[in-house]
Every structure is written in structure tokens, then in C-alpha cells.
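J.: The structure's right below; bear with me while I get my questions together.
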Amino acid sequence: MTPAASIRQFESQQIDLTTRAIASALREDALRRQLLVDLRDSPFPGHRIHLRSYFAGQRGKAIAIAAAASLGISRDSLFAAMNKLPDLQIWVPLLSDRLTWSGTDSAVVVGHTIPKEEVPSLGSIRGYSTATGEAVLVPTGVAVGYPLIAVAPADIAFGRDPEQRRRSAPRRTGKTISTSEEAFSVMSTADCDPTTAVIECNNEGTVGGGEAWTSGVKLPSDYTYQCMVAAGSAGDTDGDGLLQQCEYEIAHAFRPYLQWDLGEDASNKQNYWAARRVSSTRVKIIHLMAYFEDAGQYETWTKHDGDSEFIIMEVEYKNGWWRFNNAFLSAHWDVMYWDASSTRAAGEFAYPEGAPFAHPKIWIAEDKHANYSSQGKCDEGANYQDNCNQPINALEHLGIVADRNIGNRESGTTKLIDCVVRTAHGGGGTRNECLWTYNQFAGWQDKYEKNAPSYSKVLGAFDF
């Protein structure tokens, strides 16, 4: 065995020991919920926590003691083992889990000492259940049905005293680590780069700015912000405070263009949508793309039934005009270390009709259906595994069907659509698909062994 291989084997053994100990400690409800609160309050990107300084501090002390006790060693001995490893962080790597995990014992703790970019090539990684402490083999190329907590090499600069900074950060509220609004703001690239922006930047370096709008989109029924009404008013079928006809006209007025690749073999879909009132002037539209299958095959990624990618577009009303602000583009949503989902500002998109703030062009990765704001972003996506290098000339203008508005499940509202049969592309299919009920999405078929993540988790994560 080479010296490098020997070091890697030793580190693998030590990280496995550390991961198992932490998972065992987190079997205690109080400690697991404490970790969630401390992750929630962390000021570092992705709510990361510097592991050693956290364990040495007052808040992490109890978890460190319990972890060491599970191994029959002292906390100092645990620190000695950790000192033989790269500088470590603990975090919840998937945004979907940061938005939805509430501290239940359903989580699995995984650990690795190699860079996160190399983890997907392993095919699987060992973790430990916070419910039983038992080992779990976690696949790296697909979404899994449980939250993941990762102990991994620190990939950000934590500074000289990360625990002091974490301890001094403002306390937050909420039952989960992050929120959908934080996801939009933190993952946003709203700062305008004048060298690349499709829409001209203003003096403040942003697209649109605070000036009075003199252009944008008028809805067919001349709806203004006044189509936002008291929940349950006449015309508000789903009780979310937004008239149904207004929801449809907004969704239709801002429907994106899809840029397909010449090699695409699985573009068939039966897409659905929903609207959510964000404020007195802002609305979010989610497009559930609902592809029948994912036909991509590379490295540890395999083909699977169904593909539950999605697009969330935020639009705003001001001075008589509606405008597109930004979009959250899913890209391998819910797959650890492959997930390239992000929020992109209006200025980053091209507009095939020539009118900005209306119908942005979204690039679709060949066979994998990840969404990107440009060809360059696509070709860089998922560790350079995604491909958009043969764009076809004809664009698809995403269809919006009025009776595929699935509604809203906020308090006091009514779900309009849940379980549905396949009617598009000749109908058929071997099963129904449920959009609100928590089930993996299989594209109305049973062709492969694996399915896509549930749309229910997506809808919950983004407060629809």
C-alpha cells in the first residue's frame, strides 16, 4: 500500500468512528434538536458549523461528551482522534433538508475526508442512523428518503474563532434550519454584472432598481395587485388570497421558453403549476415539470422513472406593470453533492421575444433535465457532468393549462389537485402520481428500479 493510500485508509477509519459516535449522540431527542437550533443560528454559508470549536464550546459540549461516551472514551480522546483528521465541519448539505427537517430521528449522519466533489464517484457512502445508531449505506447518485447530516472537511474559511462568531450571531426562529425566503435571498445572484447582464444594470448595480417602471407586462384582464384579495373571497377557489383567473394569467404571461439539446431522449412530460401570494405586490409561480423519465446515464447516475425537476418564478407588480424578478431553478434537486439548484436574477436570462422581464429562456440539461439560466451554467453543472452543447433551433414555450393549477396547502386553503392519471402524449401509464401526498415521483410508469424525489417535499419546502 502506498503512503497516500495508507493515509486515506487511516482517515477513513477515523472519520467513520467520529461519524458513528455523533450519530449515537444524536439518538437523544434533546441533543438532536439542540444541533438543529445551533445549525439554524449559524451565520456561516449553508448554516455550517466548525466541528472542533463547536465541541469545545458550551453548546456543543454535551453532544461531544455523549459521542465520546458511546465509544467508551473521554471527550479529550475524541478530540485527539479528530485532530488526526482534516479540519472538519458539520452541516446539512441539502437545501431541501435544511428547509424541511425539524429535528426528527429520521436523519442519517455521513462522514468523509475527501473533497465533496469526489464523493459522487464513490457510488455510496456509509452513514449511521440517528434513530438506531446502525450503519446505513447511502447512495450518492440519487435522492434518498431521509435527511442527511454531513461531517466533512471544512470547505469555507471559518476564521480564527468560529464558535465565538456562531455564538454571537443573532438568534433565529423557526422549526427548520432555513426558510424558503432565505433560500431565495442567499442563493440569489441578484447583483448585476454589467459585463454579462442581458438587461442593462442601473446605477445601484441591480436589475430594475427602485425607479418607476415604464415597461413590463399587462395581463389580459388588466389585473393589478388588486387581484390579491382576502382569502376565500369570490373567485379565490383555493383560498390563498389570489384570484384563480389572475393566477392563470400571471403563470401564462411569464411562462418560460425551454432550450432543449439535440441529444434529448426524454422530453415528454405532463407539467402542473401553482401560485403563491408572497406580499401585497409579489407572486411566486411554481412549475412542476413532471417528466416521464430521466434518461441520463453517467458515472453513478442511472436512468430512473419520473423526473421531478421544477422552476419557481417570482413576479412583481409596480406602477401599472408586472415584471419577472428572479427564478429558482432546480438542478438535480435533493441529490447530495450533485444538487446545482440556484436562484438567478432576471438579468441573467435571455429573452427570445426581445422583451425583458417576461418570458426567460431556460436551458435544459440533456436527458437529466436540470434547469440553468445559460448554456455556460449548464455545461458547468453537476461537476461538469451536465450537457447543453448541442442546442436545437426551435424553443418550446412551456404550456400552461388552467385546470392543472394544483392549488395551495397553506393554513385554511384547499388543495385543488393531488393524485392524477397520465393524459399527455397518448395517456396510459401504469400508476397514478400524487403531487401533494408524499410519494416518490415515477412519471406514471414502472420502467426502471429507481424513482425521482417527491413533489410533496418540494411544495412544502417552498411554502406552497
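The values are calculated or read from the model by the stated rules, or taken from the named source; none is laboratory data. Since the structure is predicted, the reported quantities are computational estimates derived from the model, not experimental observations. Note that each Cβ is placed from the backbone with ideal geometry, even for glycine, and that neighbours are counted across all protein chains shown. Just so you know, the surface numbers come from the protein's heavy atoms only, side chains and all, with ligands and any DNA or RNA stripped out. Shrake-Rupley method; radii C 1.70, N 1.55, O 1.52, S 1.80 Å.
J.: Over the range 305-464, with every protein chain in place, what whole percent of the accessible area is carbon and sulfur at 1.4 Å, could you tell me?
T.: Whole-percent figure for carbon plus sulfur exposure: 45.
J.: Would you work out the relative contact order for the range 331-434, in percent, from Cα pairs under 8 angstrom that are 6 or more residues apart?
T.: Here the relative contact order equals 14 percent.
J.: Per 5 Å bin, what percent of the C-alpha pairs of the range 82-122 does each bin hold, from zero upward?
T.: Calculated over all Cα pairs of the range 82-122, the distribution is 5, 15, 25, 23, 17, 14, 1 percent.
J.: Give, in nm to one decimal, the length gained when the segment between A62 and E181 is fully stretched (0.36 nm per residue of separation minus the Cα-Cα distance).
T.: Gain in length upon complete extension: 39.7 nm.
J.: If you place +1 on the Cβ of every Lys and Arg and -1 on the Cβ of every Asp and Glu, how big does the dipole about the Cα centre of the range 84-155 come out, in debye to the nearest 20?
T.: 40 debye
J.: Also: Using just the Cα positions, wrap the range 267-426 in a convex hull and report its mean projected area in square nanometres, one decimal place.
T.: Averaging across all directions leaves 11.2 nm² for the Cα convex hull.
J.: Note down, for the range 372-414, the three equivalent ellipsoid semi-axes (square root of 5 times each alpha carbon gyration tensor eigenvalue), biggest first, whole angstrom.
T.: 34, 18, 6
J.: How much accessible area per residue does the chain have, in Å², with a 1.4 Å probe?
T.: Accessible surface, normalised per residue, equals 41 Å².
J.: Moving on. Among I285, Q9, A143, flag the residue with its Cα farthest along the positive direction of the charge dipole of the chain, charges on Cβ as +1 for Lys/Arg and -1 for Asp/Glu.
T.: Positive-end residue among those listed: Q9.
J.: Suppose R0 equals 22 Å. What FRET efficiency, 1/(1 + (r/R0)^6) with r the Cβ-Cβ distance, do E353 and E396 give to the nearest 0.05?
T.: Rounded to the nearest 0.05, the efficiency is 0.95.
J.: Residues in the range 234-259, backbone N under 12 Å from the label point at D222 (7 Å along the Cα-to-beta-carbon vector): list them, ranges by number please.
T.: Within reach of a label on D222, which here means backbone N under 12 Å from a point 7 Å along Cα→Cβ, the range 234-259 contributes nothing.
J.: Additional query: Could you work out the helix-only [θ] at 222 nm for the chain, with each DSSP H run of four or more residues adding -39,500 (n - 2.57) and the total divided by the number of residues, to the nearest 500 deg cm²/dmol?
T.: That calculation yields -7000 deg cm²/dmol at 222 nm.
J.: Suppose we flag GluC sites (Glu not before Pro) only when DSSP calls them loop and at most 15 other Cβ atoms lie within 10 Å. Which is the longest uninterrupted stretch of the chain?
T.: Longest site-free region, per DSSP loop and neighbour criteria: 29-133.
J.: Let me ask you something else. For the range 368-464, state the semi-axes of the equivalent ellipsoid (square roots of 5 times the eigenvalues of the alpha-carbon gyration tensor), sorted largest first and rounded to whole angstrom.
T.: One finds semi-axes of 28, 18, 16 Å for the range 368-464.
J.: If you roll a 1.4 Å probe over the range 4-119 with all protein chains in place, what percent of the accessible area is carbon or sulfur?
T.: Roughly 49 percent, rounded to a whole number.
J.: Using R₀ = 45 Å, calculate the FRET efficiency as 1/(1 + (r/R₀)^6) where r is the Cβ-Cβ separation of R431 and S74; round to 0.05.
T.: With a Förster radius of 45 Å, E is 0.25.
J.: Ok, one more. Treating the beta-carbon of each Lys and Arg as +1 and of each Asp and Glu as -1, no other charges, what is the dipole magnitude of the range 392-464 about its Cα centre, to the nearest 20 debye?
T.: About 140 debye.
J.: Further, regarding this structure: Residues in the range 70-98, backbone N under 14 Å from the label point at E28 (7 Å along the Cα-to-beta-carbon vector): list them, ranges by number please.
T.: Correct set: 70-72, 75.
J.: Would you list which lysines come within 23 Å of K218, measuring only between C-alpha atoms, while excluding same-chain residues fewer than 8 positions from it?
T.: K284, K318, K361
J.: Could I ask something else about it? Nearest 20 debye, what's the magnitude of the dipole of the chain about its Cα centre given +1 on Lys and Arg Cβ and -1 on Asp and Glu Cβ?
T.: About 1620 debye.
J.: Now, a different point. Using only the alpha carbons of the chain, what is the convex hull's orientation-averaged projected area in square nanometres?
T.: Orientation-averaged projected area of the Cα hull: 24.2 nm².
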